[in-house]
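Notes follow the structure.
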There are 2 protein chains.
Amino acid sequence: MNRNLLTLVITSLLLTGVSYAQTNTQILEDFKPSSLNQPDQQYPQVNSQGYARFQILAPKAQSVVVSLGLGGTSGGTPLKKITDSLWAGTTSGPMEEGFHYYHLTVDGGVFNDPGALNFYGSTRWESGIEIPAHDQDFYALKDVPHGHVHQILFPSKSTNTSRRAFVYTPPGYDKDKSSRYPVLYLQHGWGEDETAWANQGRANLIMDNLIAEGKTKPFIIVMTYGMTNVIRPRAGGLRSFDIKPFQTVLLDELIPYVDANFRTVANQANRAMGGLSMGGFETHTITLARPDVFSHYALLSGGTYKPEEIKDKSKVKLIFMSCGSFENPDGVTKAAETLKAQGFNAVSYVSQGTRHEFQTWRRSLQVLAPMLFKN
Amino acid sequence: MNRNLLTLVITSLLLTGVSYAQTNTQILEDFKPSSLNQPDQQYPQVNSQGYARFQILAPKAQSVVVSLGLGGTSGGTPLKKITDSLWAGTTSGPMEEGFHYYHLTVDGGVFNDPGALNFYGSTRWESGIEIPAHDQDFYALKDVPHGHVHQILFPSKSTNTSRRAFVYTPPGYDKDKSSRYPVLYLQHGWGEDETAWANQGRANLIMDNLIAEGKTKPFIIVMTYGMTNVIRPRAGGLRSFDIKPFQTVLLDELIPYVDANFRTVANQANRAMGGLSMGGFETHTITLARPDVFSHYALLSGGTYKPEEIKDKSKVKLIFMSCGSFENPDGVTKAAETLKAQGFNAVSYVSQGTRHEFQTWRRSLQVLAPMLFKN
């Protein structure tokens, strides 16, 4: 090898080294524990760019893979053994803002990350991680008056049990014993349950913050299980879903219980229904079938309304349709335009840079709440 | 081998087989999914004798061990590979009645059982299993009126945040808007948090059932985090625990919030404090320090009171001390006798066949509740 060639090779190696180092320094080493970690747990961590870093103790495992990857499309993040007992790894790029479900695959078995809190999604309790969003302030826990989230067990003859729901009552509800409030019935998506809107969605904190800023009328939110998990997406999907059992629980059992036990304004004008994803499908179906019950409709990544589906225009006070910009934003935008052209009070909202995940739905609730019960 | 010897060997083999079969038939094959499983999960299972059976998917694992063993003393239950991907095993004997925490060790790493619900204990969310108890009826979900469990976020200047508590209000609380209720402040144990008494303890269902049978006066229960998890048992333990920060939160922040936001009878005669294990230590310390705040004291596997510790006998309406029969039953029994001899209204209760676990504390609450606020 002559000197010139040697120089070239060394230069190449150095350049490669420099290039590698540059790639590395692009990941800022300002990682902090995710805000959704279990108490005192240092991992998973997130940095200011949205990278997520994991660390798992599994001394004798042969393979540890985190299901979380970029844009929900990759094969996840394989971890590497960094000591005799620890596996670690960082996502190959920044994650999208907001909440993500994930799990581990350890030697072929699916387990949760012992460091993270669990959230009910995909019909099981999954690990959750929070990528700090530029607009995270609107769902932050702040020093403002807080509403209460009541766990209720309401009698359900149709299903022969006591069913669980969560009821958000706004700040001051228990102090001022005379005020009555409108109610939003708010549904989770497929694979989730009645815990989702408060846990993952932070619906109570979104409301507390909006109310503290005087941006929304205070109202009650009721969240119950939509009985959606019986649907196996690959076995017929929505077409095989019978709405009747849930419709009976909601209209004949839950609403009467809520109106009897909470200080509601118990009429159609002061009752809204909304839902995300499959909860939007439920909202669409039930509001159209029973226009006498709800006046405000909201579909969050949950489809659209067509003018011809609505029998009595005068009964509908608001139609709200939203989704993430990585979903089908044209769908909700055009549907709202079509409805508006027909004289409906229709609104579309597109959450920028998000897809079929809770950051889209948190933002949708923030935009929706101030539009409800204005008349 | 002559015919006689051959017969002997075959007979021995058959006898061995019979003997093995007999051992097996002692375990009744009436296993059912634990009542604390995640939706639709078939494992873990329990049988009518109290055996627990586990099944875990981990195709490439080399070792899977369940931490749950007999009497909390064994090294757990090692699982065996029964197919290319499944590990399975049954406890070596019947488990004690009631709720037990557990986890898996998979190739040396600690994970939860994907089939079971999680419960906060030992400063982490652990898997839970329920061994049906002969007296399980008293904490069953029944077709009776149910109280609500409110999640509240109360302002805490001393810790500079909004802190979480759960407030049980009895059935009818939200309907009859004039009644006021006494309050029991009820603390969890070390490693647990404010979710424990409702989740593991089923405190709300115990109260609903007692109230439905007319066995107890309805009252409010408040459960908050006792800030106990800062204690590392091997680093000084209780002696290093400073009660002051929690006492400030409880007395100066939580009680005023509850009295302002719920319809309480806000005086010493109608306020009780109780706690399990470390929550008993907290109860003991705070009730003695502030006899002006609480009139009814309850220590559940949480120590005893001595007559000489109590400055003003007239301020104490009830002292309740309990534990499991496998703990130190003589301790609570003798302490109650000593207190009674000194003129105190003291009661001891021993839960038969249980140890330092939630079945002891569920039973203790059932026995305690009817004794509270009788005067």
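The values are calculated or read from the model by the stated rules, or taken from the named source; none is laboratory data. Computed from a predicted structure; not experimentally measured. Methodologically, a virtual Cβ is constructed for each residue, glycine included, from the backbone with ideal geometry; neighbour enumeration extends over all protein chains shown. Calculation scope for accessible area: heavy atoms of the full protein, side chains included, ligands and nucleic acids excluded. Shrake-Rupley method; radii C 1.70, N 1.55, O 1.52, S 1.80 Å.
Roughly how many nanometres apart are two label points built 7 Å out from the Cα toward the Cβ at B:Lys315 and A:Asp176?
3.9 nm
Note the distances from B:Lys334 to each other copy's matching label point, with points 7 Å along the Cα-to-beta-carbon direction, in nm, sorted shortest first.
8.4
Report the accessible surface area buried between chains B and A, summing both sides, using a 1.4 Å probe on protein heavy atoms only, in Å² rounded to the nearest 100.
3800 Å²
Between the stretch B:293-362 and the stretch B:196-227, how many Å separate their Cα centres?
Taking the Cα centre of each part, the stretch B:293-362 and the stretch B:196-227 sit 19 Å apart.
Ordering B:Thr77, A:Thr83 by how much accessible area each has at a 1.4 Å probe, largest first, what is the list?
A:Thr83, B:Thr77
Could you name every residue in the stretch B:138-181 that has 30 Å² or more less accessible surface in the full protein assembly than in its own chain alone (probe 1.4 Å, ligands and nucleic acids excluded)?
Buried by 30 Å² or more upon assembly, which counts only protein chains, are B:Leu141, B:His146, B:His148, B:Val149, B:His150, B:Gln151, B:Leu153, B:Ser162, B:Asp174, B:Lys175, B:Lys177.
Provide the FRET efficiency to the nearest 0.05 for the A:Asp135-A:Asn328 pair, computing r from the beta carbons and using R0 = 30 Å.
Efficiency, from the Cβ-Cβ distance: 0.85.
Give me the percent of DSSP beta bridges within the protein assembly as shown that run antiparallel, rounded to the nearest 5.
Restricted to the protein assembly as shown, the bridges split so that about 65 percent are antiparallel.
In nm, what does the list of distances from B:Ile82 to its counterparts in the other copies look like, shortest first, when each label sits 7 Å along Cα to Cβ?
Sorted ascending, the copy-to-copy spacings read 3.8 nm.
What residues of the stretch A:249-263 lie in the reach of a label at A:Lys217, counting those whose backbone N is under 18 Å from a point 7 Å from the Cα along Cα→Cβ?
Residues A:259, A:263 qualify, since their backbone N sits under 18 Å from the label point.
Probe of 1.4 angstrom, ligands and nucleic acids ignored: what's the accessible area per residue over chain B, in square angstrom? Provide the component values of the computation, followed by the final result.
Working: 15890 Å² over 375 residues.
Ligands and nucleic acids excluded, the result is 42 Å² per residue.
Between chains A and B there is a rotation axis; tell me the chain A residue with the nearest beta carbon and how many whole Å away it sits.
Reported as residue, whole Å: A:Phe111, 2.
Determine, from the Cβ-Cβ distance of B:Asp40 and B:Asp143 and an R0 of 22 Å, the FRET efficiency 1/(1 + (r/R0)^6), rounded to the nearest 0.05.
About 0.40, to the nearest 0.05.
Please give the net charge around A:Tyr168, taking every other residue with its beta carbon less than 13 angstrom from that of A:Tyr168, where Lys and Arg add +1 and Asp and Glu add -1.
-2
One decimal, nm, shortest first: give the distances between the label point of A:Thr159 and those of the same position in the other copies, each label point 7 Å from Cα along Cα→Cβ.
In nanometres, ordered from closest: 3.4.
Reachable lysines from A:Lys315, Cα under 26 Å, same-chain residues fewer than 8 places away excluded?
The reachable lysines, counting only those whose Cα sits under 26 Å from A:Lys315, are A:Lys215, A:Lys217, A:Lys244, A:Lys306, A:Lys334, A:Lys340, A:Lys374.
Near the amide H of A:Ala116, under 5 Å away, which other amide H atoms are found, from residues 5 or more places off or on another chain, if H is placed in the peptide plane?
For A:Ala116, whose amide H was placed from the backbone, the distant partners under 5 Å are A:Gln38.
Determine the relative contact order of chain B: mean sequence separation of Cα pairs under 8 Å and six or more apart, normalised by residue count, in whole percent.
Normalised by residue count, the contact order of chain B is 12 percent.
Under 24 Å Cα-Cα from B:Lys60, which lysines qualify once same-chain neighbours fewer than 8 residues away are excluded?
A:Lys60, A:Lys80, A:Lys81, B:Lys80, B:Lys81
Between rounded, prolate and oblate, where does the stretch B:138-371 land on the alpha carbon gyration tensor, with a ≥ b ≥ c its root eigenvalues, rounded for a/c under 1.5, else prolate if a/b exceeds b/c?
Working: a/c = 1.32, a/b = 1.13, b/c = 1.18.
Judged from the Cα gyration tensor, the stretch B:138-371 comes out rounded (a/c under 1.5).
Ignoring any ligand, DNA or RNA, what whole percent of the accessible area of chain A comes from carbon and sulfur when the probe is 1.4 angstrom?
For chain A, the apolar C and S fraction of the accessible surface comes to 54 percent.
Using a Gaussian network model of chain B whose springs link C-alpha atoms within less than 10 Å, name the residue from B:His356, B:His150, B:His188 with the highest mean-square fluctuation.
The residue that fluctuates most here is B:His150.
Using a 1.4 Å probe and counting only protein heavy atoms, arrange B:Met371, B:Met95 so the residue with the most accessible area comes first.
B:Met371, B:Met95
Taking chain A as a Gaussian network, where each spring joins two C-alpha atoms under 10 Å apart, which residue of A:Leu68, A:Leu250, A:Leu141 fluctuates the most?
Maximum among the listed residues: A:Leu141.
Please enumerate, by chain and number, the lysines with C-alpha under 16 Å from the C-alpha of A:Lys175, excluding those fewer than 8 residues away in the same chain.
A:Lys175 reaches B:Lys175, B:Lys177.
Determine the shielding of peptide B:57-65 by partner chains: average, over its residues, the number of Cβ atoms on other chains within 10 angstrom of each Cβ.
Going residue by residue through B:57-65 and averaging, the value is 4.
Pick from B:Asp113, B:Asp292, B:Asp208: which residue has the top mean-square fluctuation in a GNM of chain B where Cα pairs under 10 Å get a spring?
B:Asp292
Can you give the FRET efficiency to the nearest 0.05 for B:Thr83 and A:Lys81, using r as the Cβ-Cβ distance and R₀ = 30 Å?
Once rounded, the FRET efficiency stands at 0.65.
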